[in-house]
Structures are given as C-alpha cells and as structure tokens.
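Have a look at the structure below, then the notes.
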Protein chains: 2
Amino acid sequence: MTKGITRERIVTAALELLDDQGMDALTVRALASRLDVRAPALYWHVRNKQELLDEMATEVMRRVAGAFAAVPPGDGWRDDLTAYARVLRAEYLLHRDGARIFSGTRITDPDVVRMKEPLFERWAASGWKPADADDAVDLVTAFVVGFVIEEQERRQAAGTDPARYSIDQRDAWLGEGASLVKEAGHLQDDGDQRFERHLGMVLDGIAARLDA
Amino acid sequence: MTKGITRERIVTAALELLDDQGMDALTVRALASRLDVRAPALYWHVRNKQELLDEMATEVMRRVAGAFAAVPPGDGWRDDLTAYARVLRAEYLLHRDGARIFSGTRITDPDVVRMKEPLFERWAASGWKPADADDAVDLVTAFVVGFVIEEQERRQAAGTDPARYSIDQRDAWLGEGASLVKEAGHLQDDGDQRFERHLGMVLDGIAARLDA
DNA sequence: ACCTGAACACCGTTCAAGT
DNA sequence: ACCTGAACACCGTTCAAGT
C-alpha cells in the first residue's frame with residue numbers, strides 16, 4: 001500500500017518536498033526518506049536527478065494545462081490568453097522559486113504540448129495562422145516567466161531580509177540623487193494589480209501586430 | 001602579481017569558469033584552483049557561495065549598464081528600450097544559462113540601479129511619470145528574461161540531443177493529430193528575427209498604454 | 001522486478017594553525 | 001590581513017547482493 005514506489009509518486013513527493021523545504025533540501029536522500037526507501041531505490045524509476053527535475057517541470061505544466069482546460073472558453077484570443085497567463089502564474093507561485101526552476105525545461109509528455117491544438121483551432125477562426133498563435137503563446141509565456149521570477153525573488157528577499165525591503169532602507173542604499181528611481185520605488189505596486197497591468201500591455205502589443 | 005586574490009578577481013574567474021565548464025562545474029574548489037589558492041581562501045573574501053552568485057549577477061548587470069551607456073541616446077523611449085533589450089539579451093547569451101542564473105537575483109551595487117536615472121529623466125520630457133518608466137523597464141526586462149531562458153534551453157537541447165530537435169522527430173513525438181501545433185513548429189524561426197518581432201509587440205503594447 | 005548496504009568521488013563550509 | 005591543512009557533514013551515483 002504505502003510501499004511500491006512509482007514514477008508519479010516520486011514526482012509528487014518531490015514537489016511537496018520542494019514546497020516544504022526549498023530547492024537546497026530537495027536531495028535524493030531526503031526524497032527517498034520521505035517515500036520510506038533508501039536513496040538508490042529511486043534510481044530504478046528515474047535515470048538521475050536531472051530527469052526527476054524534468055518530470056517535475058512536466059507535471060507542473062500538466063497541471064497548468066489541466067487548470068486551463070477547466071476554464072470556460074473565452075470570447076476570443078484575448079480572454080483565452082488572459083486565462084492562460086493567470087493559470088501559469090498561479091501554478092508557478094504555488095512552488096518555491098517555481099518560475100525559475102520550472103521554466104525552460106524539457107517537457108517529457110507530448111500530451112501537454114498537444115493541449116495547444118484546440119486553442120490554435122479556435123483562434124484560426126478569428127484569422128490567426130498557426131505561426132501567429134505560436135508567437136502569441138510564446139510571448140505571453142516569456143512575459144509570465146520573467147514577471148514571476150522577479151516576483152518570487154522579491155517575495156523571498158522580503159522574507160529573509162525585510163530591512164532591505166523597506167522603502168527608507170532602499171533610499172538610503174541608493175545614496176544621493178536618483179530621485180526619479182526612488183520615486184518609482186515608492187509608487188510601485190505589487191502582485192496582482194501589477195501583473196494584470198503588465199499583462200494588459202503585452203496583450204495590447206499582440207493585438208497591434210496580429211489583429212490587422 | 002598573480003597572487004593576492006580580490007573580490008573582483010574571484011568574480012571574474014567565476015564567470016570564466018561558468019562559461020568554460022557550466023554551472024555544475026562551478027564549485028568553490030575548482031574556482032580556487034583556477035585562482036591558485038585552496039578553497040578556504042575564498043571565504044576570506046566572500047561570505048559563501050550564494051554571495052558569490054549575487055556578485056556574479058551584479059557584475060553581469062554592471063556590464064549591461066556599461067554597454068547600454070555606450071549606446072548613443074536614442075530618439076525617444078522606443079529607441080532606448082530597444083537598445084536596452086538587445087544589450088540585456090546579448091549579455092545573457094554570453095554566459096551559459098545566463099538568463100536563468102542571473103535573472104531575479106539581488107543586485108549588490110547601488111550604482112547599477114542608479115543608472116536608470118538619466119533614462120527616467122529623458123523619458124519624463126516625453127511625458128512619462130516615474131511609475132510609467134518603471135513599468136516599461138520592468139516589462140521589457142521580464143520579456144527578455146523569459147525569452148532568453150527559452151532560447152538558451154532550446155540551444156542547449158539542440159546541442160545535447162540534436163535528434164529531438166529535428167522537425168520530423170518532434171512530429172513523431174507529438175503523435176497523431178495536433179496538426180496546427182506541428183505546422184507552427186515547422187514555421188518557427190529562431191534567434192534574432194524572432195526576438196525583434198516579439199520585442200516589437202511588447203513595445204507596441206507599452207505605446208498603447210503609455211502614449212495616450 | 002524492485003530494493004538495500006556499502007562504497008566512491010565528490011561537495012560547501014569551519015577552524016585552528018601558519019605567515 | 002590573508003591563506004592552508006585537516007576535518008565535518010553532507011552530496012549524486014554505482015553496483016553487487018538480497019528478495
């Protein structure tokens with residue numbers, strides 16, 4: 001019952017371990033211990049640690065695809081891409097350093113990639129060619145990845161070094177002058193609001209190029 | 001002459017080691033050996049490996065700031081942001097996994113952050129408030145980070161596993177159906193062209209929101 | 001087929017001791 | 001002030017041996 005390690009159980013446990021303890025604590029030994037086996041046992045199911053990380057990233061993207069599929073189809077590409085961007089960000093935010101760890105990794109499951117097909121079909125009806133659809137998805141993905149990497153770094157820094165995150169401390173650290181940079185720092189919003197505003201700009205840019 | 005380790009020499013050597021051998025080979029011992037000292041010597045100059053990584057990221061951003069400063073001022077924000085995006089991408093591309101490693105890290109040198117000030121001043125003349133300028137820079141940065149992470153992953157995958165990167169192999173891997181996804185894969189361009197096109201969309205989006 | 005014990009060649013980091 | 005030798009508590013991975 002609790003024994004009988006499988007590839008899936010390993011990946012699930014690895015994601016839990018990452019969330020609980022962080023990337024540095026995600027060791028083969030610790031993972032094995034969480035699954036009640038010794039470290040070498042894992043090598044029967046997984047070639048090496050890199051393959052484990054690829055599988056973890058694929059699982060995260062599978063969940064993104066699943067969450068997106070559960071969203072009712074929107075009224076055109078803009079709704080669809082908005083939903084996709086939100087789902088992707090939400091899934092990254094669920095895991096420590098999720099964006100940095102899981103972006104740009106090799107997806108091992110073709111089903112995850114094939115989930116783009118119905119989207120591409122819908123958008124074709126509104127005049128987008130496959131190349132356009134591909135550009136749009138990749139651009140939104142790149143934006144979300146970059147945004148969330150910065151967001152998670154900021155969050156973590158605020159946790160470990162709250163002093164550095166106070167506005168006064170930052171102003172002092174910046175030294176004399178740089179008044180516009182400081183002012184921008186004072187006004188900067190965080191989180192959802194900022195994300196939605198930036199996402200809106202990206203989508204405006206897509207509209208400008210692809211909706212002739 | 002060759003002895004007398006300094007913080008800067010350590011960081012420079014660390015970047016060289018990363019480029020030569022990759023992230024996994026960037027160990028404290030290997031770095032020390034390259035500098036002709038024993039590993040513990042480095043701990044006199046740097047608190048720990050994380051601090052070394054922060055310094056490396058800061059050095060990379062210092063070079064970005066330097067390269068950008070060498071570009072003649074453009075004719076408005078669009079020229080400036082285009083130049084910035086290109087310089088940032090170029091610097092990331094110089095280092096293995098540069099975008100993933102150096103994005104979202106704590107900048108340790110205030111001068112690097114202060115370099116935004118003259119830009120913000122110029123853009124103020126064309127009606128941008130500091131908050132607008134901040135949004136624009138951060139959005140372009142997020143895009144470049146996400147784009148180059150994907151780009152470098154693709155490049156590295158093509159190196160280690162060229163089979164997977166042939167179009168036929170990918171089609172076979174995707175299985176039946178998914179014809180639009182496959183078609184997009186066939187047409188996808190790489191590198192500079194794709195970067196410029198996507199960057200153009202991001203800048204269009206910024207224009208749509210901020211140039212009222 | 002699936003798992004363990006023992007081992008190998010490493011890690012990052014500390015610290016007393018040297019100059 | 002700056003560096004070394006030796007050590008500590010770990011790593012990822014391999015492999016013969018067990019069931």
For this session: Could you tell me whether residue B:134 is free of Cβ contacts under 8 Å to residues at least 40 places away in the same chain and surrounded by 19 or more Cβ atoms within 10 Å (Cβ to Cβ)?
Result: yes
Problem set entry | Those residues of segment B:35-60 which are touching a helix residue (DSSP H, G or I) at 6+ places or on another chain (Cβ under 7 Å) and in a helix (DSSP H, G or I), in sequence order | B:39, B:41, B:42, B:45, B:49, B:52, B:55, B:56, B:57, B:58, B:59, B:60
For this session: Check segment B:163-179 and report whether any residue there is in contact with a Leu (Cβ under 9 Å, 6 or more places away or on another chain) and basic (Lys, Arg).
Result: no
Seminar exercise, completed: Screening A:172, A:163 for residues that are closer than 14 Å to residue B:110 by Cα and either surrounded by fewer than 17 Cβ atoms within 10 Å (Cβ to Cβ) or more than 10 Å from chain B (Cβ to nearest Cβ) (or both) leaves only A:172
Exercise. In the set B:83, B:30, B:41, which member is within 16 Å of DNA strand D (Cβ to nearest atom), among the aliphatic types (A, V, I, L, M) and free of Cβ contacts under 8 Å to residues at least 24 places away in the same chain?
Worked result: B:30
Problem set entry | Single residue of segment B:149-160 satisfying the filter (of a type in the set (Asp, Glu) and modelled with pLDDT of 95 or more) that is surrounded by the most Cβ atoms within 10 Å (Cβ to Cβ) | B:151
For this session: Could you tell me whether residue A:93 is among the hydrophobic types (A, V, I, L, M, F, W, C) and either assigned by the TED database to the domain that holds residue A:136 or in contact (Cβ under 8 Å) with a residue 60 or more places away in the chain (or both)?
Result: yes
Seminar exercise, completed: Per the filter on segment A:158-177, residues more than 29 Å from the chain's Cα centre (by Cα) and assigned to a helix (DSSP H, G or I) are A:168, A:169, A:171, A:172, A:173, A:174
For this session: Output the number of residues of segment B:178-196 satisfying the condition of being within 7 Å of chain A (Cβ to nearest Cβ) and either under 22 Å from the mean Cα position of the chain (by Cα) or not in a helix (DSSP H, G or I) (or both).
Result: 2
Exercise. Within segment B:45-56, is even one residue surrounded by 14 or more Cβ atoms within 10 Å (Cβ to Cβ), more than 11 Å from DNA strand C (Cβ to nearest atom) and farther than 30 Å from residue B:120 by Cα?
Worked result: yes
Problem set entry | Residue match in segment A:140-148 (condition: closer than 21 Å to residue B:198 by Cβ and surrounded by fewer than 23 Cβ atoms within 10 Å (Cβ to Cβ)) | yes
Exercise. Of the residues that make up segment A:29-38, is at least one on the phi > 0 side of the Ramachandran plot and not assigned by the TED database to the domain that holds residue A:157?
Worked result: yes
For this session: Could you tell me whether any residue of segment A:10-32 is surrounded by 13 or more Cβ atoms within 10 Å (Cβ to Cβ), basic (Lys, Arg) and assigned to a helix (DSSP H, G or I)?
Result: no
Problem set entry | Restricting segment B:57-104 to residues that are more than 27 Å from residue A:101 (Cβ to Cβ) and of a type in the set (Gly, Ala, Ser), the residue that is surrounded by the fewest Cβ atoms within 10 Å (Cβ to Cβ) | B:70
For this session: Answer yes or no as to whether residue B:55 is within 16 Å of DNA strand D (Cβ to nearest atom), away from every other protein chain (no Cβ under 14 Å), within 17 Å of the chain's Cα centre (by Cα) and in contact (Cβ under 8 Å) with a residue 40 or more places away in the chain.
Result: yes
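The values are calculated or read from the model by the stated rules, or taken from the named source; none is laboratory data. What you see is a predicted model, and the numbers here were worked out from it, not measured in a lab. Because the Cβ atoms are built from the backbone with ideal geometry, glycine has one as well, and the counts that use them run over all protein chains shown.
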